[in-house]
Amino acid sequence: MAGKNKAHPTHVLRVNSRGQYPCIVRGEGVYLFDQEGRRYIDSGGGPILCNLGHGLEEMAMVLAEQAKKVAFVYRSDFTTPALEEAAKKICEATGFAMEKVFLVSGGSEANEIAVKIARRFHLENGEASRYKIISRWMSYHGMTQGALAWSGMPGRRKDFVPMLRDDSHIPPAYCYRCWFGLAPENCQLQCAQALEHEILCQGPENVAAFMAEPVSGMSLCAAHPRQDYFLKIKEICHRYGVLLILDEVMTGFGRTGRWFGYEHFGVIPDILTLGKGLGGGYFPVGAAAVTGRVAQVMEGGSGLFTPGFSWAGNPMGAAVISKAIDHLRTQGLVERCAQMGDYLAQRLQLLRSHPTVGDIRGKGLMLGIEFVRDKETREPLDPGLKFFQELAHQALELGLFIETSGGCDRGRAGDMVMFGPPFIITREQVEEMVGVFEKALSLVETRLGF
């Protein structure tokens, strides 16, 4: 375990300074290998990021080839063939629903830039009063100051709330634990209608954009709304001149079984944010993409958009993006993700017999399980049990890495796991993954008295 040997102390500031961390020295496909020779199934693709699988030689080669040509130029002064090609391929993947792209180095940066684009759009339109961002409780948009303020994940916000400039949050589209006490088959989309109420309360002339994830990330582990939710959201945004920002940092580029999560819901955002799987798991990249309408307003006015980051648009990241998109296409991996997602969902349904399994949800290879104390009332587990932490530790001991999370019940309680393996996973590997997970779950349930 790295950093535990007193003769070789770690100099890494860790998430948990008292934790033990296997030292991973190699990855191959859906597997990770530590320095002791142990093998782990990577059921989370890291943090739902390694879409292409580990150890792809062609991805390593593209980095080496681009580094030999030019590793860095600054976006304010130069462009590169790699940057131009990556931006075009991102737009092409959307069917040119998006027409311009701003490349950054990760999802938090992408959301920061998206909000600044929204602000610039309204300034160019002569509506300088529009600056407020509305988002949802139980969402997650990143750890930078702005992105954390727009996030609605209480556990990640709580230490920093005094430092955040908050706008406003509306209830989530969380059908399993509906904040309105309703069921999706007979509700009137009160969770979507809440956006109009909030816009009116804030003053439509003050609201710049609404930000949401099409399928929730680790805050609600793959919860998603009813099919017509985003149609209602889009209609409300259009009525009041509010831009729709869809955060597809986790869902973009195939994770839900389609190229983009918004395709499941029949809408096109004004601004689309990307990260994680955009680089396939081989380089820290992100992007904010905009429609032609947004680009036309920005470029037809002053033509200036000065925010950015030093590494934004760097040719190394751009080259990886293009190669990752090419690999998704040539290998048919988006379609494969849909197929393997269906198979994984079928296998996970067999876990419903377990006493703690409350809900199984998601799309593609982005599938979550929520654990409960009582299946009928959906009462969450006692947080004192530390169920999701115990489950993660037990799984790791058995050779399975899983992404777990907590706090889905308004930050007070709630235990979940998210499955997001690389798209290349086989049926046999799904069987192996679910088998090890069920063993870990059974051991934890027994140990905790279920």
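None of the figures in this text is laboratory data; all of them are computed from the coordinates on show. The structure displayed is predicted, hence computed values, not measured ones. No Cβ is skipped: glycine too gets one built from the backbone with ideal geometry, and neighbour counts run over all protein chains shown.
What is the local net charge at Leu304, summed over the other residues whose Cβ is closer than 10 Å to its Cβ (Lys, Arg +1; Asp, Glu -1)? Before the final figure, lay out each step's value.
On the way: positive: Arg120; negative: Glu124, Glu299.
Summing Lys/Arg as +1 and Asp/Glu as -1 gives -1.
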- In percent, what relative contact order does the chain have, based on Cα pairs under 8 Å that are 6 or more apart in sequence? 21 percent
- Item | Orientation-averaged projected area, Cα convex hull of segment 58-330 (nm²) | 14.5 nm²
- Task: Provide the net charge surrounding Gly37, with neighbours chosen by a C-beta distance below 15 Å and charges set as Lys +1, Arg +1, Asp -1, Glu -1.
- Result: 0
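I'd like to compare 230-237, 177-184: which one has the highest average count of other Cβ atoms within 10 Å, and what's the full order after that? All intermediate terms of the calculation are to be shown ahead of the outcome.
Working: 230-237: 20.6, 177-184: 14.0.
Answer by packing, highest mean first, reads 230-237, 177-184.
Measure up Lys68/Lys88; Lys100/Lys234; Lys89/Lys116; Lys88/Lys132; Lys132/Lys386 against 26 Å on the Cα-Cα distance and list the ones that go over. Before the final figure, lay out the partial values.
On the way: Lys68/Lys88 23 Å; Lys100/Lys234 21 Å; Lys89/Lys116 23 Å; Lys88/Lys132 31 Å; Lys132/Lys386 37 Å.
Pairs exceeding 26 Å: Lys88/Lys132; Lys132/Lys386.
Given the rule -39500 (n - 2.57) for each run of at least 4 DSSP H residues, summed and divided by the residues of the chain, what is its mean residue ellipticity at 222 nm, to the nearest 500 deg cm²/dmol? Intermediate values should be presented prior to the final figure.
Numbers: 13 runs with 157 residues, N = 450.
It lands at -11000 deg cm²/dmol.
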- Query: What's the center-to-center distance, using Cα atoms, between segment 94-170 and segment 252-298 in Å?
  - Reply: 15 Å
- Item | Eligible aspartates and glutamates near Lys232 by straight Cα distance, threshold 13 Å, same-chain separation 8 or greater | Glu196
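Lys89: net charge of surrounding residues, Cβ under 14 Å, Lys/Arg +1, Asp/Glu -1, itself excluded?
Numbers: positive: Lys88, Lys100, Lys323, Arg329; negative: Glu84, Glu85, Glu92, Glu99, Asp326.
Surrounding charge for Lys89 is -1.
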- Item | DSSP bridge orientation in the chain - percent antiparallel, rounded to nearest 5 | 70 percent
